């Protein structure tokens, strides 16, 4: 007997990786397979725009240039801020040099590893996103 959740996850992962080749920032907001109460409460307090932007940044399904390029909506995936690397969630949240001072102000460090994003609050991610003007 198949578990529907597992089937949907396999289908989603297969389609995203094969069809649109999306890059994800893997965010773990759980403690022992249960959502962290603070994270869940913060996310539920967001309005629709905040939820969309934060979810998009954390999943890679957003209006950043790499995703729009893969969908055939843009001619170039390069970052609007630095113009050097592809504009992905990982690039924006962790490594874009043009956003280093904003990242330090909102996320506490000039540069992050994708793993470091887990320890940042959703509110901090939202405020950083808003300050960049990219979402």
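Quick note: the coordinates plus some simple rules give every number you see, no bench work behind them. These numbers come from a predicted model, not from an experiment. Note that each Cβ is placed from the backbone with ideal geometry, even for glycine, and that neighbours are counted across all protein chains shown.
General observations
- If R0 is taken as 30 Å, the Cβ-Cβ distance between residue 116 and residue 75 corresponds to a FRET efficiency of 0.40.
- When each of the peptides 76-82, 60-66 is scored by the mean number of other C-beta atoms lying within 10 Å of its residues, the order from highest to lowest reads 60-66, 76-82.
- Pairwise FRET efficiency - residue 63 versus residue 100, Cβ, R0 = 25 Å, nearest 0.05: 0.70
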